[in-house]
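The structure appears right after this line, and notes come after that.
Just so you know, all these numbers are worked out from the coordinates, no wet-lab data involved. All figures in this text were calculated on a predicted structure; none of them were measured in a lab. Glycine also receives a Cβ, built like all others from the backbone with ideal geometry; neighbour counts cover every protein chain displayed.
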Amino acid sequence: MQAAVIKPACLSVLLLLASAGACADPVRQDDLNWLQIMAFAAHQTDYSGTFVYRYGDHVETSRITHIADHDGEHGRLESLDGPRREIIRHNDQMWCDLGNGKIKIEQRQGGREFPALLPEQLTLLNKNYLIKTAEEVRLAGFHAHGMVFQPKDNFRYMHKMWADSISGLLLKSEVLDERGGVIEQYSFTQLSIGGDIDRKWVVANQAAAGLHAADVQKVRQTHNDSRDVPHDGNTHPADSVPKTTADSVASGWRVDALPDGFKKIAEVRRQLRGKDAPVIQMVFSDGLAGISVFIEKSDSDEDDHEGLSSQGVIQVYSKLINGQLITVVGEVPPRTVMQVADSVRNGGSQ
Amino acid sequence: MKQDISALMDGELFDDEAEALLDKIKRNPDADGEWHIYHLVGDALRQPDHLHASISSAVRGRLQAEPTVLAPHSRVRQNARWFALSAAASVMALALVTWLSVQIGSEPAPQVAMQQQATALRPASFPVSSGMNDYLMAHQEFSPSTDVQGAASYIRTVAGQ
């Protein structure tokens with residue numbers, strides 16, 4: 001229950017962090033404070049709205065609702081166009097319906113629920129991006145404060161963000177390639193912040209998915225107690241609960257040509273759905289964008305397709321090295337994921 | 001200033017910044033020159049087969065040399081149209097001549113053009129397949145983009161493929 005932090009405590013720590021950083025770089029401190037406010041707002045604000053997500057020719061509308069209360073964070077993301085897809089989140093529990101009717105539960109890893117950016121993350125951000133204030137605009141009826149993150153090299157994309165100038169909630173974000181073309185955009189068309197937000201779904205949808213509050217509790221406990229899939233009779237959701245224990249490991253794998261400015265933030269061994277053996281996941285961050293490196297034994301009967309695929313800002317590059325399937329995923333340009341994948345080495349024990 | 005102009009051409013400036021810069025360019029002949037040179041360079045890099053040389057000063061000269069027609073008030077409109085047509089004809093003729101001469105005479109620097117293509121190169125890629133969903137989801141859990149965007153960053157996983 002890392003997330004059950006009460007708001008005033010968060011806020012005071014936030015202010016403390018902000019003031020601690022104030023001595024370091026007085027010029028950009030305003031912008032860094034803004035980032036903190038945005039990160040805080042993303043996790044601690046009650047809101048509900050409709051946003052448009054587009055990349056390439058793809059445009060789709062989704063509804064998002066988020067509530068933070070004594071019980072932590074509740075979030076729901078629901079597609080309004082095309083096949084029904086939905087994610088419901090409660091702290092580290094997730095219920096996903098990605099169109100095939102199946103419900104799966106993921107367990108989010110690590111103590112990342114704290115709604116403020118850590119100082120080292122801000123340092124990384126500052127090192128890799130030129131942070132500038134952009135023009136103030138009006139978006140979805142809100143007055144928005146704009147920020148630009150201009151990359152200092154071409155291993156990362158440029159990001160533009162606009163946040164509500166009162167709550168700090170992100171209203172619009174754009175990711176641009178080195179030629180200034182927008183490759184992904186996320187923008188609210190309608191939004192209500194605070195006030196009366198219908199929270200029936202918090203319970204209603206879990207029930208619809210066959211997950212009554214009791215089951216949720218049971219699932220959570222089982223997760224804590226053992227690594228086994230819970231089998232408690234009638235609950236079909238239990239069948240789709242993957243063993244999601246992710247243990248921090250030192251796998252012995254390394255990335256020899258990691259682009260400058262990225263830092264390893266996690267290394268875990270975890271079970272992914274439909275995989276026989278656990279997968280190693282290493283995660284690198286440059287403060288704003290992340291790269292995950294997945295390493296697993298290739299089962300030759302399966303067609304592990306190699307090569308590059310992309311969706312908006314996300315690039316995926318897969319490659320076989322000595323019978324190991326390397327899959328690199330990141331919100332970074334193709335050259336970055338390719339360079340990372342090409343330089344994955346096993347430096348000893350696995 | 002040069003950086004700003006370059007950023008403007010790359011579409012990296014916000015509307016208000018762009019407007020301010022365009023204003024400055026209009027008032028400052030040096031900057032105006034820079035603007036044209038950058039465009040010429042850009043054209044040369046992108047399409048060396050059809051290099052578009054700067055003909056603005058030549059056109060300005062020809063326009064100044066055009067005779068001013070003095071005529072009674074009632075015929076001004078018609079004259080104006082004729083004036084415009086003849087000016088347009090001059091511009092077209094000049095452009096044609098310039099274009100022809102460039103076609104025949106120029107040999108664009110191949111090295112620079114190659115470099116430009118190399119940086120603009122985007123490897124061919126397929127759309128992310130639904131089999132990748134689990135990887136995307138596992139990545140999203142740790143990705144710093146989730147910190148600022150919150151739950152909305154999961155749209156990348158949920159979005160239809």
task: Grab the beta carbon distance between A:D69 and B:R27, set R0 = 51 Å, and tell me the FRET efficiency rounded to 0.05.
output: 0.35
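Considering only the other residues whose Cβ falls under 10 Å of the Cβ of A:L176, what net charge follows from Lys and Arg at +1 and Asp and Glu at -1? Provide the component values of the computation, followed by the final result.
On the way: positive: A:K160, A:R179; negative: A:E174, A:D177, A:E178, A:E184, B:D10, B:E12.
With Lys, Arg at +1 and Asp, Glu at -1, the net is -4.
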Inter-label distance, nm, simple model (7 Å from Cα along the C-beta direction), A:A250/B:A18: 5.3
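Pairs to check: A:K160/A:K263; A:K263/A:K319; A:K127/A:K160; A:K264/A:K319; A:K172/A:K319; A:K132/B:K24. Give those whose C-alpha atoms are more than 25 Å from each other in this structure.
Working: A:K160/A:K263 22 Å; A:K263/A:K319 22 Å; A:K127/A:K160 17 Å; A:K264/A:K319 21 Å; A:K172/A:K319 34 Å; A:K132/B:K24 21 Å.
From A:K160/A:K263; A:K263/A:K319; A:K127/A:K160; A:K264/A:K319; A:K172/A:K319; A:K132/B:K24, over 25 Å: A:K172/A:K319.
Once R0 is set to 30 Å, what does the formula 1/(1 + (r/R0)^6) return for the Cβ-Cβ distance between B:M9 and A:K275, expressed as a FRET efficiency to the nearest 0.05?
Working: r = 48 Å, r/R0 = 1.60.
Calculated transfer efficiency: 0.05.
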task: Could you compute the FRET efficiency for A:D299 and A:D30, with r as their C-beta to C-beta distance and R0 at 51 Å, rounded to 0.05?
output: 0.45
